[in-house]
Structures are given as structure tokens and as C-alpha cells.
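S.K.: One structure follows; several queries about it will come next.
The values are calculated or read from the model by the stated rules, or taken from the named source; none is laboratory data. This structure is a prediction, so every number in the text was calculated from the model and none was measured. For neighbour counting, all protein chains shown are included, and Cβ atoms are generated from backbone atoms with ideal geometry for every residue, glycine included.
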Amino acid sequence: GAVVSQHPSWVICKSGTSVKIECRSLDFQATTMFWYRQFPKQSLMLMATSNEGSKATYEQGVEKDKFLINHASLTLSTLTVTSAHPEDSSFYICSVRGYFGPGTRLTVL
Amino acid sequence: GDSVTQMEGPVTLSEEAFLTINCTYTATGYPSLFWYVQYPGEGLQLLLKATKADDKGSNKGFEATYRKETTSFHLEKGSVQVSDSAVYFCALGRDDKIIFGKGTRLHILP
């Protein structure tokens, strides 16, 4: 069965709104979770490392104020895309201990 | 920093052909190496992995050997099937952080 879940599986929003994506670890407690972004027909790019109880670590070129990460418990990390714009439309995927969630497809109109 | 380079696709083969997808990596120390597969319209699945030099990962007829001397982890399968059509990602991991190659799209013709 699934080790990592994500919610929602897809979301459509208007430009300028904020969207929250949840990542849950079903089988493990995880002090660290990872967020990736995948554009169509491209590879997964690591965005940030979510750290339980402390600030997330962002990869170079990823705006921390744009992509807010909260790791509130050992089984839940959330990614909030703030003031979303069409260029933020992508497939967002989280991972825990090498297991990947099913992804969340975000479409910004 | 760590990086992964894999052969660009698309790769098109006939059913029952031999498959090789090349992958090389740049890293310090001894990261774990992975092959992931993404079938059309689906999420990422771990295909196989190797955690140390000379380890061979295998699954569903696919194999890859961790070669420290050539910093490679080439994916092979002796006889491909139409159902193997997918995108294959080579990756390396350290402390659960995984870095991906660009992916290779594989088309198998009946």
C-alpha cells in the first residue's frame, strides 16, 4: 500500500490565490521530508527540504517566500504556493525516505 | 555538488530487444543509486536500487550495477515488452535527499 499520501491530487486556482498541498507519511515518522516540482516532460527538481520543528532548507533559485513549507508533525508537511501565477502550474511531489507521494497537479488560471 | 547524467531519449526499441540506458554520476563519497520509472499518467515508482559499490539492483527483469570505478549505474533488460514503455529516471541519494537525472523516455514497439 501507499507509504506517502498527498492531498489534493489536483487543484485549479485563480491567479493571485494561495494553495496548500499536504504530504503525509503513512508508515514512518519523518523528521525530514522533501518537496519536488516536475514540469511536463521534464525531470523532478528538488525544491526544498522540510525539517520538523525548524525552518525548511531551500534549493538555490527557489523563493522561500513564494513556497512556504511547514513541517508541523513527524508525519505531515505542507507546501503553500502563495500568490500563485500561471508559471507555478506544475506537478508537485513529496518524498519520505526515498518513497514518493502520488503528486499534486496544480493549474493556475 | 552531486549530479546525475543519463542518456537522452527518446529510445525506441522493438519488443524483445535488449535495453541499455546509460547513467553516470558525480558525487563525493558513496551515495545510494536508484532507477525510478514513471508510467504514462502515473506517479514515480522505485524500480531498483544499490547502496554500495559492486551492488547489483534488480527488479522485473531490469538490472543495474553500482560501478564506483566508472561512476556509472547503467540500466539493462534482456528482453523488453510493450508494457515497459515509460520514462526512466536515474538518481542518487544521500540522507534521503534524492537528485534525479533528466529522464529517458522509452518506447517499445510491438
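S.K.: Working carefully through the options B:LYS97, B:LYS49, find the one that is within 14 Å of chain A (Cβ to nearest Cβ) and at pLDDT 95 or above.
M.R.: On inspection, the qualifying residue turns out to be B:LYS49.
S.K.: Can you tell me which of (1) within 11 Å of chain A (Cβ to nearest Cβ); (2) modelled with pLDDT of 95 or more is the one B:LYS102 doesn't meet?
M.R.: Among (1) within 11 Å of chain A (Cβ to nearest Cβ); (2) modelled with pLDDT of 95 or more, B:LYS102 violates only (2).
S.K.: Using the structure shown, decide if B:GLU76 is among the charged types (D, E, K, R) and either buried (at least 17 other Cβ atoms within 10 Å of the Cβ) or more than 14 Å from chain A (Cβ to nearest Cβ) (or both).
M.R.: Yes: the conditions hold for B:GLU76.
S.K.: To continue, here is another question. Does the range B:6-24 contain any residue that is within 14 Å of chain A (Cβ to nearest Cβ), modelled with pLDDT under 95, within 24 Å of A:GLY101 (Cβ to Cβ) and outside any strand (DSSP E or B)?
M.R.: no
S.K.: Would you check if B:ALA91 is modelled with pLDDT of 95 or more and not polar (S, T, N, Q)?
M.R.: It is true that B:ALA91 is modelled with pLDDT of 95 or more and not polar (S, T, N, Q).
S.K.: Residues A:ARG105, A:ARG37, A:ARG24: which one is under 15 Å from the mean Cα position of the chain (by Cα) and either within 11 Å of another protein chain (Cβ to nearest Cβ) or at positive phi (or both)?
M.R.: Step by step, each of A:ARG105, A:ARG37, A:ARG24 is checked, and only A:ARG105 is under 15 Å from the mean Cα position of the chain (by Cα) and either within 11 Å of another protein chain (Cβ to nearest Cβ) or at positive phi (or both).
S.K.: So which of A:SER54, A:SER89, A:SER83 ends up being modelled with pLDDT of 95 or more and farther than 29 Å from B:GLN6 by Cα?
M.R.: Just a single option satisfies the conditions, and that option is A:SER83.
S.K.: Sticking with this one: Return the residues of the range B:80-110 that are among the hydroxyl-bearing types (Ser, Thr, Tyr) and within 18 Å of A:PHE39 (Cα to Cα); say none if nothing qualifies.
M.R.: Result: B:TYR88, B:THR104.
S.K.: Give the residue that is nearest to B:GLY9 (Cα to Cα), with candidates limited to residues of the range A:43-71 that are within 14 Å of chain B (Cβ to nearest Cβ) and among the acidic types (Asp, Glu).
M.R.: Among those residues, the one meeting the criterion is A:GLU59.
S.K.: Would you mind listing the strands (runs of 3 or more DSSP E) fully within the range A:1-77 where at least 2 residues are loosely packed, with under 13 Cβ neighbours inside 10 Å?
M.R.: Passing ranges, in order: A:10-13.
S.K.: Does at least one position in the range B:37-44 carry a residue that is surrounded by 14 or more Cβ atoms within 10 Å (Cβ to Cβ) and charged (D, E, K, R)?
M.R.: First, pick out the residues of the range B:37-44 that are surrounded by 14 or more Cβ atoms within 10 Å (Cβ to Cβ): B:37-38, B:43-44.
After this cut, where a residue has to be charged (D, E, K, R) as well, the list is none.
No, the conditions are met nowhere in the range B:37-44.
S.K.: Hey, any hits in the range A:77-97 for a residue that's within 14 Å of chain B (Cβ to nearest Cβ), among the polar types (S, T, N, Q) and out of contact with any strand residue (DSSP E or B) (no Cβ under 6 Å at 6 or more places or on another chain)?
M.R.: No, that holds for no residue.
S.K.: If we scan the range A:96-109, do we find a residue that is surrounded by 13 or more Cβ atoms within 10 Å (Cβ to Cβ), touching a Leu at 6+ places or on another chain (Cβ under 8 Å) and farther than 22 Å from B:PHE34 by Cβ?
M.R.: no
S.K.: Identify the residue in the range B:79-110 that is among the acidic types (Asp, Glu) and free of Cβ contacts under 8 Å to residues at least 60 places away in the same chain and, among all such residues, is surrounded by the most Cβ atoms within 10 Å (Cβ to Cβ). Spell out the reasoning first.
M.R.: Going residue by residue through the range B:79-110, those that are among the acidic types (Asp, Glu) are B:84, B:95-96.
Then keep just the ones that are free of Cβ contacts under 8 Å to residues at least 60 places away in the same chain; that gives B:95-96.
Working: B:ASP95: 9, B:ASP96: 17.
Here the answer is B:ASP96.
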